[in-house]
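Undergrad: Once you've had a glance at the structure underneath, I'll fire off some questions.
Every read-out reported here was derived from the displayed coordinates using simple, explicitly stated rules and does not represent laboratory data. Just so it is clear, the structure is predicted and the values come from calculations on it, not from any experiment. No Cβ is skipped: glycine too gets one built from the backbone with ideal geometry, and neighbour counts run over all protein chains shown.
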């Protein structure tokens, strides 16, 4: 029996009719023998270059770096522990080699130093109200006390010849006055110059009757004020401001008034129409007087009551520059002894620190 060749191994429908004629890559083409394929040359890209994996080297390098870092830090730590650095900041004048010493105290020693025994020198501070601050040496000042009778005697010679009563004074013209021509006199207090300001109280208490009940404090003050103005020389100037709750300029204008006969008569008529009433607040009246231009040569301040306690300080602040003497008159007696004492102290202080004088007219109630 004849031996079948390679062609004879294909049976059925897949048998190629012409195996040699089948194109390369066709499923019907015959595969070359396995023994022959081993000896055929492979394409160039079939032999890639062999490379060492990168991840493997990276891993090794990281481990080595960590080990080196740990070793370096360990060496630095050891060196730092062996080195002492001396900055010398707290060496306040001592030797550079001196060390710092610490004091260790026991609990009892600490308690004894926590509450040291400190001895204080005791002294007293005297606190006084504003009106009493100037009381030092005040009683030795050259102040005077007069009675209403003394005041009446001082006015009487200027009345009709042979004397007369106070009620006979002509309120429109005042008394004849004995003015020196270069000065003024009010309630017995003399002043020098040619410009004189009068600050006069017309509060409700000025209606208090005196003596036999015919005259009030205001009547007596009005007559004395006209006597003073009438005695001024005609070349002199005067300014009258009345006060109770506020200032009232007698001539209605904050200007100097020449002491001629006409103005003297006008002043008398104006004073006759005044009716006392209200409180005792002279501060604004002082402001008006110190605002006059030129300033007065002397100021007369008359009141029968206790002025606010801040008035002496306010007057002292207003009376700057060359001091203008302020002559103060307290008319009558206050019922409250403490108020009477403080009223005198405040008026004395105003007079003393301005270079003026003080007098007290002790009125007799009917």
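Undergrad: Could you give the C-alpha radius of gyration of region 185-339 expressed as a fraction of 2.2 N^0.38 Å, taking N as the number of residues it contains?
TA: Working: Rg = 14.9 Å, N = 155, 2.2 N^0.38 = 15.0 Å.
Region 185-339 yields a ratio of 1.00.
Undergrad: Starting from the Cα-Cα distance between residue 71 and residue 249, subtract it from 0.36 nm times their residue separation and give me the gain in nm to one decimal.
TA: Taking residue 71 through residue 249 to full extension adds about 53.7 nm, to one decimal.
Undergrad: Does region 238-301 come out rounded, prolate or oblate, given a ≥ b ≥ c as the square roots of the eigenvalues of its C-alpha gyration tensor, rounded meaning a/c under 1.5 and, failing that, prolate meaning a/b above b/c?
TA: Taking the square roots of the gyration eigenvalues as a ≥ b ≥ c, region 238-301 is oblate.
Undergrad: If you don't mind, another one. By how many nm would the segment from residue 275 to residue 295 lengthen if fully extended, with 0.36 nm per residue of separation less the alpha-carbon distance?
TA: Gain on extension, residue 275 to residue 295, equals 4.3 nm.
Undergrad: Something else about it: So, by mean Cβ neighbours within 10 angstrom, what's the order for 65-73, 242-250 with the highest one leading?
TA: Averaged packing, sorted descending, gives the order 242-250, 65-73.
Undergrad: A further question on this structure: What is the calculated FRET efficiency for residue 320 to residue 266, with r their C-beta to C-beta distance and R₀ = 56 Å, to the nearest 0.05?
TA: That pair, residue 320 with residue 266, gives E of 0.95.
Undergrad: Using only the Cα atoms of region 287-334, what are the Rg and Dmax in Å?
TA: Just the Cα atoms of region 287-334 yield Rg and Dmax of 11.9, 36 Å.
Undergrad: Something else: Where does each of 316-322, 304-310 land if you order them by average Cβ count within 10 Å, highest first?
TA: Working: 316-322: 11.6, 304-310: 18.3.
The densest-packed peptide leads the list: 304-310, 316-322.
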